[in-house]
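Taking it in order: structure first as C-alpha coordinates, then the write-up.
The values are calculated or read from the model by the stated rules, or taken from the named source; none is laboratory data. Because the structure is a prediction, the values reported are computed rather than measured. Every residue, glycine among them, receives a Cβ derived from its backbone with ideal geometry; neighbour counts consider all protein chains shown. Just the protein is used for accessible areas: all its heavy atoms, side chains included, with ligands, DNA and RNA removed. Shrake-Rupley method; radii C 1.70, N 1.55, O 1.52, S 1.80 Å.
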Amino acid sequence: MAAAALALAGCGHEDGTWSGEVLRPAKPAPDFALHDASGHVVRLSDYRGRAVLLTFVYTRCPDVCPLIMTNLGVALDKLGSRARTAQIVAVSVDPEGDTPAQVRRFLRVRGLTGRAQYLIGTQRELAAVWRAYGIAVEATPDDREVGHSATVLGITGTGSEKTSYPQNFSPTAVARDVPLLAAR
(Lines give C-alpha, C1' and ligand atoms only; values in the text may rest on other atoms or scores of the structure.)
Protein backbone atom coordinates (compact mmCIF):
# COMPACT_ATOMS: atom_id res chain seq x y z
CA MET A 1 0.00 0.00 0.00
CA ALA A 2 2.79 2.44 0.89
CA ALA A 3 4.54 1.64 -2.40
CA ALA A 4 1.36 2.44 -4.31
CA ALA A 5 1.01 5.75 -2.49
CA LEU A 6 4.61 6.63 -3.31
CA ALA A 7 4.11 5.70 -6.96
CA LEU A 8 1.06 7.93 -7.21
CA ALA A 9 2.80 10.77 -5.42
CA GLY A 10 5.31 10.85 -8.27
CA CYS A 11 2.54 11.67 -10.76
CA GLY A 12 0.41 14.76 -11.14
CA HIS A 13 1.58 17.58 -8.93
CA GLU A 14 4.59 17.07 -6.72
CA ASP A 15 2.28 16.51 -3.76
CA GLY A 16 0.33 13.82 -5.64
CA THR A 17 -2.81 15.91 -6.06
CA TRP A 18 -4.87 16.15 -9.23
CA SER A 19 -4.80 19.06 -11.63
CA GLY A 20 -8.35 18.55 -12.87
CA GLU A 21 -10.76 21.39 -12.23
CA VAL A 22 -13.37 19.12 -10.69
CA LEU A 23 -12.61 15.82 -9.02
CA ARG A 24 -15.55 13.47 -9.19
CA PRO A 25 -16.50 10.47 -7.14
CA ALA A 26 -15.48 7.66 -9.46
CA LYS A 27 -18.49 6.46 -11.43
CA PRO A 28 -18.55 4.28 -14.51
CA ALA A 29 -18.23 6.26 -17.74
CA PRO A 30 -21.12 5.29 -20.02
CA ASP A 31 -19.83 3.18 -22.89
CA PHE A 32 -20.85 4.00 -26.44
CA ALA A 33 -20.08 3.00 -30.01
CA LEU A 34 -19.75 5.56 -32.82
CA HIS A 35 -17.90 5.71 -36.14
CA ASP A 36 -14.66 7.49 -36.90
CA ALA A 37 -14.08 9.36 -40.19
CA SER A 38 -12.99 6.10 -41.85
CA GLY A 39 -16.22 4.36 -40.90
CA HIS A 40 -14.67 2.11 -38.23
CA VAL A 41 -16.72 1.49 -35.11
CA VAL A 42 -15.00 2.86 -32.01
CA ARG A 43 -16.14 2.12 -28.47
CA LEU A 44 -15.07 4.06 -25.42
CA SER A 45 -14.31 0.72 -23.78
CA ASP A 46 -11.71 0.05 -26.52
CA TYR A 47 -9.39 2.26 -24.48
CA ARG A 48 -9.48 0.45 -21.14
CA GLY A 49 -6.02 0.55 -19.62
CA ARG A 50 -5.43 4.07 -20.96
CA ALA A 51 -6.43 7.50 -19.73
CA VAL A 52 -9.20 8.85 -21.96
CA LEU A 53 -9.59 12.58 -22.50
CA LEU A 54 -13.19 12.83 -23.72
CA THR A 55 -14.52 16.03 -25.24
CA PHE A 56 -17.44 17.19 -27.37
CA VAL A 57 -16.61 19.48 -30.31
CA TYR A 58 -17.42 20.36 -33.91
CA THR A 59 -15.23 21.11 -36.91
CA ARG A 60 -16.84 24.42 -37.93
CA CYS A 61 -16.41 25.91 -34.45
CA PRO A 62 -14.72 29.31 -34.74
CA ASP A 63 -13.00 29.39 -31.36
CA VAL A 64 -13.36 27.02 -28.40
CA CYS A 65 -13.29 23.61 -30.12
CA PRO A 66 -10.05 24.19 -32.04
CA LEU A 67 -8.47 25.51 -28.82
CA ILE A 68 -9.56 22.45 -26.84
CA MET A 69 -8.24 20.03 -29.44
CA THR A 70 -4.98 21.91 -29.96
CA ASN A 71 -4.37 22.04 -26.21
CA LEU A 72 -5.05 18.31 -25.91
CA GLY A 73 -2.40 17.76 -28.58
CA VAL A 74 0.02 19.94 -26.58
CA ALA A 75 -0.74 17.83 -23.49
CA LEU A 76 0.22 14.70 -25.45
CA ASP A 77 3.41 16.42 -26.59
CA LYS A 78 4.29 17.22 -22.97
CA LEU A 79 3.84 13.56 -22.08
CA GLY A 80 6.51 12.45 -24.55
CA SER A 81 6.74 8.65 -24.63
CA ARG A 82 4.05 8.41 -21.95
CA ALA A 83 1.50 9.78 -24.46
CA ARG A 84 0.78 6.17 -25.43
CA THR A 85 -1.02 5.83 -22.07
CA ALA A 86 -3.62 8.41 -23.14
CA GLN A 87 -6.29 8.62 -25.81
CA ILE A 88 -8.10 11.73 -26.98
CA VAL A 89 -11.71 10.97 -27.92
CA ALA A 90 -13.77 13.77 -29.44
CA VAL A 91 -17.50 13.30 -30.02
CA SER A 92 -19.19 15.50 -32.59
CA VAL A 93 -21.94 17.91 -31.57
CA ASP A 94 -22.70 18.69 -35.22
CA PRO A 95 -24.02 15.62 -37.04
CA GLU A 96 -24.78 17.59 -40.22
CA GLY A 97 -21.51 19.52 -40.55
CA ASP A 98 -19.00 16.99 -39.23
CA THR A 99 -18.55 14.93 -42.38
CA PRO A 100 -15.72 12.41 -42.67
CA ALA A 101 -13.79 14.81 -44.95
CA GLN A 102 -14.26 17.73 -42.53
CA VAL A 103 -13.13 15.61 -39.59
CA ARG A 104 -10.00 14.38 -41.39
CA ARG A 105 -9.11 17.97 -42.33
CA PHE A 106 -9.77 19.25 -38.78
CA LEU A 107 -7.47 16.61 -37.27
CA ARG A 108 -4.78 17.11 -39.93
CA VAL A 109 -4.66 20.90 -39.46
CA ARG A 110 -4.18 20.43 -35.70
CA GLY A 111 -1.56 17.68 -35.98
CA LEU A 112 -3.90 15.16 -34.40
CA THR A 113 -4.24 12.60 -37.19
CA GLY A 114 -3.52 9.23 -35.57
CA ARG A 115 -3.40 10.88 -32.13
CA ALA A 116 -7.12 11.51 -31.57
CA GLN A 117 -10.34 9.72 -32.36
CA TYR A 118 -13.03 12.10 -33.65
CA LEU A 119 -16.33 10.25 -33.61
CA ILE A 120 -19.36 11.08 -35.74
CA GLY A 121 -22.84 9.74 -36.23
CA THR A 122 -26.45 10.58 -36.82
CA GLN A 123 -28.36 13.05 -34.66
CA ARG A 124 -29.97 10.15 -32.84
CA GLU A 125 -26.70 8.27 -32.23
CA LEU A 126 -24.87 11.36 -31.02
CA ALA A 127 -27.76 12.64 -28.88
CA ALA A 128 -27.71 9.40 -26.88
CA VAL A 129 -24.04 10.01 -26.02
CA TRP A 130 -24.66 13.69 -25.23
CA ARG A 131 -27.45 12.70 -22.81
CA ALA A 132 -25.32 10.04 -21.15
CA TYR A 133 -22.65 12.64 -20.38
CA GLY A 134 -24.95 15.59 -19.64
CA ILE A 135 -23.79 17.58 -22.65
CA ALA A 136 -26.19 20.34 -23.72
CA VAL A 137 -26.24 20.99 -27.47
CA GLU A 138 -28.16 23.73 -29.26
CA ALA A 139 -27.75 24.76 -32.90
CA THR A 140 -28.40 28.34 -33.97
CA PRO A 141 -31.25 28.91 -36.43
CA ASP A 142 -28.82 29.44 -39.31
CA ASP A 143 -26.90 26.29 -38.31
CA ARG A 144 -23.52 27.99 -38.50
CA GLU A 145 -22.74 27.74 -34.80
CA VAL A 146 -23.52 25.03 -32.30
CA GLY A 147 -23.74 26.00 -28.65
CA HIS A 148 -22.61 23.15 -26.43
CA SER A 149 -21.03 22.22 -23.14
CA ALA A 150 -17.29 22.65 -23.66
CA THR A 151 -15.35 20.54 -21.24
CA VAL A 152 -12.86 17.68 -21.21
CA LEU A 153 -13.60 14.66 -19.06
CA GLY A 154 -10.76 12.61 -17.62
CA ILE A 155 -11.67 8.91 -17.65
CA THR A 156 -9.54 6.35 -15.88
CA GLY A 157 -7.98 3.26 -17.37
CA THR A 158 -10.67 1.24 -15.61
CA GLY A 159 -13.45 3.23 -17.28
CA SER A 160 -14.50 5.63 -14.53
CA GLU A 161 -15.13 9.36 -14.84
CA LYS A 162 -12.66 10.94 -12.45
CA THR A 163 -12.09 14.59 -13.32
CA SER A 164 -13.08 17.34 -15.70
CA TYR A 165 -11.27 20.31 -17.16
CA PRO A 166 -12.79 23.63 -18.28
CA GLN A 167 -12.47 24.78 -21.89
CA ASN A 168 -9.46 26.94 -21.00
CA PHE A 169 -7.54 24.13 -19.29
CA SER A 170 -3.77 24.06 -19.03
CA PRO A 171 -2.15 21.36 -21.20
CA THR A 172 0.44 20.98 -18.43
CA ALA A 173 -2.30 20.19 -15.91
CA VAL A 174 -3.79 17.53 -18.16
CA ALA A 175 -0.35 16.02 -18.83
CA ARG A 176 0.25 15.83 -15.07
CA ASP A 177 -3.01 13.94 -14.56
CA VAL A 178 -2.68 11.39 -17.37
CA PRO A 179 -0.45 8.98 -15.39
CA LEU A 180 -2.93 9.09 -12.49
CA LEU A 181 -5.87 8.47 -14.82
CA ALA A 182 -4.11 5.63 -16.64
CA ALA A 183 -3.14 3.93 -13.38
CA ARG A 184 -6.67 3.71 -12.00
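Among the trypsin sites (Lys or Arg not before Pro) found in the stretch 33-83, those both in a DSSP coil and sparsely packed, with 14 or fewer other Cβ atoms within 10 Å of their Cβ, are R48.
Here the accessible area is traced with a 1.4 Å probe on the protein chains. For the stretch 53-112, carbon and sulfur cover 51 percent of it.
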